[in-house]
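The values are calculated or read from the model by the stated rules, or taken from the named source; none is laboratory data. Since the model is a prediction, treat every value here as computed from it, not as a measurement. Here Cβ is always computed from backbone atoms with ideal geometry, including for glycine, and neighbour counts include all displayed protein chains. Just the protein is used for accessible areas: all its heavy atoms, side chains included, with ligands, DNA and RNA removed. Shrake-Rupley method; radii C 1.70, N 1.55, O 1.52, S 1.80 Å.
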Amino acid sequence: MSQNNDTKEEIQMTQEEVNELIKIRREKLEKLQAEGKDPFQIVKYDVTKHSDEIRANFEELEGKEVSIAGRLMSKRIMGKASFCNIQDRNGNMQSYVSRNDIGDENYADFKKYDIGDIVGIKGTVFKTKTGEISVHATEVTLLSKSLQILPEKYHGLKDQEIRYRQRYTDLIVNPEVKDTFLKRSAIIKEIRKFLDDRGFLEVETPVLQTIPGGAAARPFITHHNTLDIDMYLRIALELPLKRLIVGGFERVYEIGRVFRNEGMSIRHNPEFTEIELYQAYTDYKGMMELTESLFKTVAQNVLGKTTVNYGGHEIDLGKDFERLTMVDAVKKFAGVDFDEIPDTEAAKKIADERHVEYEKHHTKGDILNLFFEEFVEENLIQPTFIMDYPVEISPLTKRKPDKPEFTERFELFIVGREYGNAYSELNDPIDQRKRFEHQEELRAAGDDEANMIDEDFMTALEYGMPPTGGLGIGVDRMVMLLTESVSIRDVLLFPTMKPLQ
């Protein structure tokens, strides 16, 4: 459907021209209010059908009356009759508006409506001569006056900065953006269904905490005036959920926001959505099975397939995920066998030879992880579980009985990015205290991401926690993968942005 010049403002307008158009819209509103037609006094409108319902049920609805409502996206005036296009939550619907059907005064008002106005249309369903399903209007109601100019209405909103700052306009003019967030909602719904079907209980735990635990991250600090204490926005969901395992809930999960006062990138936002779950009487191998099944099930149910194209690669979530220990992965991609390296001194020597930077306090396990980050991560394209992490970087994880310098931990990598982190949870309170004390030493030495000792959590462990498997998945990254989105900001409705002056 073509548009006339009256409904298509030029893409490149000066600020003065924009201001003039805004001024005209405000004058239109004032005139309507003076005539007793203030749209903002309308409190409701009875919508009987949405655009997709009309298309899907045309044969049943043809010739019948419906009421639709949405944003006016285009308008083509043809003398005594016009065509317009309404965008509702599920799509677009064309409407034929005639002076003979709605009356002279109402038609004159309709011609003055602006692109972006919210309107309600009552009429009968029909099909035009060109075969387009439409609504033949018998009544048009202005429900809300738009006082701003939609950006680049017919070409999409391209400026990334504006898209993120004004997500509302992004959703209006870019249908593919709305589709991404509809899929995000569907993904979270499927995650919940998957876990509910496995007998997990969804719970909620505090966002404000006196000890920020469960991860190595820098927290946001706030102050509680009544209690006169500093508090922290949670950096993980882990420790409260494990308290619930101690209390007798055998399977629990939470999907919630966590906050980390760290750098920002296409993969990192200061607040993000995470799912953490804990299952008693299983281990990290049980978590591998759950993780693999979760990704396959969610992809199949949301996308209708288990393959996605991401970063120039076709990722197959339907195949068995590869499993490698960290030592074997470093041996495979870096050619260094850390099982043959006897101690920290030897590890630092090989790091110097391979130009891997490390800090003075780093031990053999730390350096193994640095080699993994330097030489391995970028090569993990298809879904791969990296298992058995050094104890130095896994303060909440149970040691491997046969190799106590390593832990029963894995991370899931896809296209070089980490998507999940799981443990056989440490339930030995004596060992846990020693590891917390080591973290406190690191903190005292200047590592502000090291864990603090949570004495209440220690008390909970002393009451006894069963053998437990735990898993954390970054929901935003999972959504990025399944929607083929490049940046985390593309899957957050309101990403963190520095305020404009």
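Using 0.36 nm times the number of residues separating H313 and S293, minus their current alpha carbon distance, what extension gain do you get?
Fully extending the segment from H313 to S293 adds 5.1 nm.
With each pseudo-label sitting 7 Å past Cα toward Cβ, what's the L303-E161 distance in nm, one decimal?
Between L303 and E161, the label points sit 3.3 nm apart.
Where only protein heavy atoms count, and the probe is 1.4 Å, what is the accessible area per residue for region 236-276 in Å²?
38 Å²
How would you order 399-408, 84-93 from highest to lowest mean count of nearby Cβ atoms within 10 Å?
So the order, starting with the most tightly packed, is 84-93, 399-408.
How many percent of the accessible area of region 279-421 is carbon or sulfur, using a 1.4 Å probe?
Answer for region 279-421: carbon and sulfur cover 43 percent of the accessible area.
If you roll a 1.4 Å probe over the heavy atoms of the protein chains, what accessible area per residue do you get for region 368-501, in Å²?
40 Å²
From largest accessible area down, sort H268, H50; use a 1.4 Å probe on the protein chains.
From most accessible down to least: H268, H50.
How would you order 222-229, 347-354, 391-398, 379-386 from highest to lowest mean count of nearby Cβ atoms within 10 Å?
Per-residue Cβ counts within 10 Å, averaged per peptide and sorted highest first, yield 391-398, 379-386, 347-354, 222-229.
Taking all protein chains in place and a 1.4 Å probe, what share, in percent, of the accessible surface of region 448-501 do carbon and sulfur account for?
Here it works out to 56 percent.
For S144, enumerate residues with amide H under 5 Å from its amide H, sequence gap 5+ or separate chain, H modeled in the peptide plane.
I118
Can you give the alpha-carbon Rg of region 22-95 over 2.2 N^0.38 Å, where N counts its residues?
1.35
Do any of K193/K403; K189/K400; K189/K319 go past 30 Å between their Cα atoms, and which?
K193/K403; K189/K400
Among all helices in the chain defined by DSSP H, which have a length of 30 Å or more along the axis from Cα atoms plus a Kyte-Doolittle mean of at least -1.0?
Passing helices, by number: 175-197.
How much length is gained if the chain between E204 and E437 is pulled fully straight, taking 0.36 nm per residue apart and subtracting their Cα-Cα distance, in nm to one decimal?
That pair, E204 and E437, stretches by 81.0 nm at full extension.
State, as an integer percentage, the relative contact order of the chain based on alpha-carbon contacts under 8 Å between residues 6 or more apart.
Once normalised by length, the contact order is 12 percent.
Suppose R0 equals 45 Å. What FRET efficiency, 1/(1 + (r/R0)^6) with r the Cβ-Cβ distance, do E359 and S98 give to the nearest 0.05?
0.05
Treat every Asp and Glu Cβ in the chain as -1 and every Lys and Arg Cβ as +1, leave all other atoms uncharged, and give the resulting dipole magnitude about the Cα centre to the nearest 20 debye.
2220 debye
Taking 0.36 nm per intervening residue step and subtracting the Cα-Cα distance, what contour gain separates E250 from E60 on full extension?
Length gained between E250 and E60: 63.3 nm.
With a 1.4 Å probe and every protein chain left in place, work out the accessible area per residue of region 137-221 in Å², rounded to a whole number.
Dividing the accessible area of region 137-221 by its residue count gives 50 Å².
For a paramagnetic label modelled at 7 Å from the Cα of E340 toward its Cβ, which residues of region 375-419 fall within the zone defined by backbone nitrogen distances under 20 Å?
375-376, by backbone N distance to the label point.
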